[in-house]
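The values are calculated or read from the model by the stated rules, or taken from the named source; none is laboratory data. Note that this is a predicted model, so its numbers are computed, not measured. So basically every Cβ, Gly included, is an ideal-geometry build from the backbone, and we count neighbours across all protein chains shown.
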Amino acid sequence: MNDISWPRIAVFGAGAVGCYFGGMLARAGAPVTLIGRAAHVEAMRRDGLRIEALTFDENVRVAAATDPSAVAGHDVVLFCVKSGDTEAGAQAIAPHLAPEAIVVSLQNGVDNPARIRPHVAVEVLGTVVYVGCEMAGPGHVRHTGRGDLVIGGARGSAAGAQRAREVAALFERAGVPCVVSADVDADLWMKLIVNCAYNPLSALARLQYGRMLAQPEGPELMRAVVDEAIAVARAEGVNLPAEGVVDKVLAVGQAMPTQVSSTAQDIRLGKRTEIDALNGHVARRGAALGVPTPVNATLARLVRLLEAATATTPR
């Protein structure tokens, strides 16, 4: 039975990330509504959400809907759509948000909170997501590694910092480690650098992270990607660590050796990838700032070609 002290939580974009974190909250007793595609919604309404985690395999009862209006009346909205759908998604939920709601971006890329804020009249928090997971079937999320978050509000916002602490406490209560950051923009850039290193290479080589690191070409290419992304971030004024960034990037794959990237998963399913919000973003910002990014730009182009070759629907 749900504890009445939990806020009502909606997950807008019930893919793998949304289902895992929304499912963990629901498993702990929070009232959760997952908003996603019809096939997943039908399965969850019938059987609940199956979470196949590293330490348990359970069906968790959740509410499920397909329409953005289902965010109405919820206190916290986990915003989990693809980065390419950020503006459209924000516009879709905006008329239905409760006045005191919090929107929490759990997305790839560094600029999604800033892209959401002009469209909604509520607090928007940025979140760095570290989890290995995939949809294994309708209403079935499979967890393969990690599962922790870093969260923060807009820089200099005392209200955002307080709301971040409140949301972090909810995740911690559900057994999800969640750190409150004083500079979530820098943390988002660190995650972007990790994604730029792993996502295109995993998709192009069709390798799990561990096997990718075991090939000499893997770490060599990843270092080149990381060096370019660091240069762009610093040109943007982002406060990255002075050293050790490459080691932190390589450690991610060592911690999740069986994981494949979300880009690889999208390619396998014939879906549009988020490469433009990852290596494509680094290449665009590099061009604007006068920072060369030939490796990131080339990887982005190669993934776009592969995306076109494997698309199940015309682009």
- Query: Right, Thr298: part of a loop (DSSP other than H, G, I, E, B), of a type in the set (Val, Ile, Thr) and not assigned by TED's automatic domain parsing to the domain that holds Leu54 or not?
  - Reply: no
- Residue in the range 19-35 that is farthest from Ser262 (Cα to Cα), counting only those that are crowded, with 24+ Cβ neighbours inside 10 Å and of a type in the set (Gly, Ala, Ser): Ala26
- Ala182 fails exactly one of (1) small (Gly, Ala, Ser); (2) surrounded by fewer than 16 Cβ atoms within 10 Å (Cβ to Cβ); (3) under 22 Å from Lys82 (Cβ atoms), namely (3)
- Query: In the range 168-179, how many are surrounded by 19 or more Cβ atoms within 10 Å (Cβ to Cβ) and either over 21 Å from Ile51 (Cα atoms) or free of Cβ contacts under 8 Å to residues at least 24 places away in the same chain (or both)?
  - Reply: 1
- Message: Tell me whether the range 207-221 contains one or more residues that are in a loop (DSSP other than H, G, I, E, B), under 21 Å from Gly132 (Cβ atoms) and among the aliphatic types (A, V, I, L, M).
- Response: yes
- Would you be able to say whether some residue in the range 51-69 is touching a Gly at 6+ places or on another chain (Cβ under 9 Å), of a type in the set (Ser, Thr, Tyr), in the same structural domain as Val141 (by TED's automatic domain parsing) and surrounded by fewer than 24 Cβ atoms within 10 Å (Cβ to Cβ)? yes
- Query: Across the range 105-114, what is the number of residues that are closer than 19 Å to Arg284 by Cα, of a type in the set (A, V, I, L, M) and in a loop (DSSP other than H, G, I, E, B)?
  - Reply: 1
- Note on the structure: Of those in the range 1-13 that are modelled with pLDDT of 95 or more and not aromatic (Phe, Trp, Tyr), the residue surrounded by the fewest Cβ atoms within 10 Å (Cβ to Cβ) is Pro7
- Query: How many residues are surrounded by fewer than 17 Cβ atoms within 10 Å (Cβ to Cβ) and either farther than 17 Å from Cys19 by Cβ or of a type in the set (A, V, I, L, M, F, W, C) (or both) when one looks only at the range 129-165?
  - Reply: 8
- Note on the structure: Here the residues within the range 115-166 that are assigned to a loop (DSSP other than H, G, I, E, B) and farther than 26 Å from Asp47 by Cα are Val120, Ala121, Val122, Gly153, Ala154, Arg155, Gly156, Ser157
- Given (1) touching a residue at least 24 places away in the same chain (Cβ under 8 Å); (2) closer than 22 Å to Val11 by Cβ; (3) of a type in the set (D, E, K, R), index of the condition Arg206 fails: (2)
- Message: Going by what's in this entry, would Ala186 be described as modelled with pLDDT of 95 or more, in a helix (DSSP H, G or I) and out of contact with any strand residue (DSSP E or B) (no Cβ under 6 Å at 6 or more places or on another chain)?
- Response: no
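Taking into account only those residues within the range 295-309 that are small (Gly, Ala, Ser) and under 20 Å from Glu228 (Cα atoms), which is surrounded by the fewest Cβ atoms within 10 Å (Cβ to Cβ)?
Taking the candidates together, the pick is Ala297.
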